[in-house]
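Following: one structure in structure tokens, then a few remarks.
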């Protein structure tokens, strides 16, 4: 479905910005996106991206150990930045 978390994530992975990353960092980001989309049996992947709010993401991250949480936050930021630039979500 258009503009779900999965759709936005896949569009991010196909974007020029992603392709401009080094191959090794692309692999890191791809793994991060895959883990994100697999959360809760794929339920998060099916959510409309606009429905996600910072408190939802923060609650999810707070339940994780520090290092994995930081990696997951970087994944969320990359996808969210892509969504903002492409008008899927607003920055306000």
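Please treat every number below as a calculation from the coordinates, not as lab data. Just so it is clear, the model here is predicted, and its values are computed rather than measured. Cβ atoms come from the backbone with ideal geometry, glycine included; neighbour counts cover every protein chain shown.
Taking a ≥ b ≥ c as the square roots of the eigenvalues of the alpha-carbon gyration tensor, segment 1-53 is classed oblate because a/c is 1.5 or more while a/b is no larger than b/c.
Projected label points at residue 65 and residue 81, each 7 Å from Cα along the beta carbon direction, are separated by 2.7 nanometres.
For segment 24-92, what is the relative contact order in percent, using Cα pairs closer than 8 Å and at least 6 residues apart in sequence?
It rounds to 29 percent for segment 24-92.
Determine the distance separating the Cα centre of segment 17-48 from the Cα centre of segment 58-76; give it in Å without decimals. If you average the Cα positions of each part, the centres end up 14 Å apart. Compared with the alpha-carbon gap, the fully stretched path from residue 1 to residue 53 is longer by 16.8 nm at 0.36 nm per residue. Summed over qualifying helices (DSSP H, 4 residues or more, each -39500 (n - 2.57)) and divided by its residue number, the chain shows a 222 nm mean residue ellipticity of -19500 deg cm²/dmol.
Every pair of different Cα atoms in the chain enters the Kirkwood calculation, which places the hydrodynamic radius at 13.4 Å.
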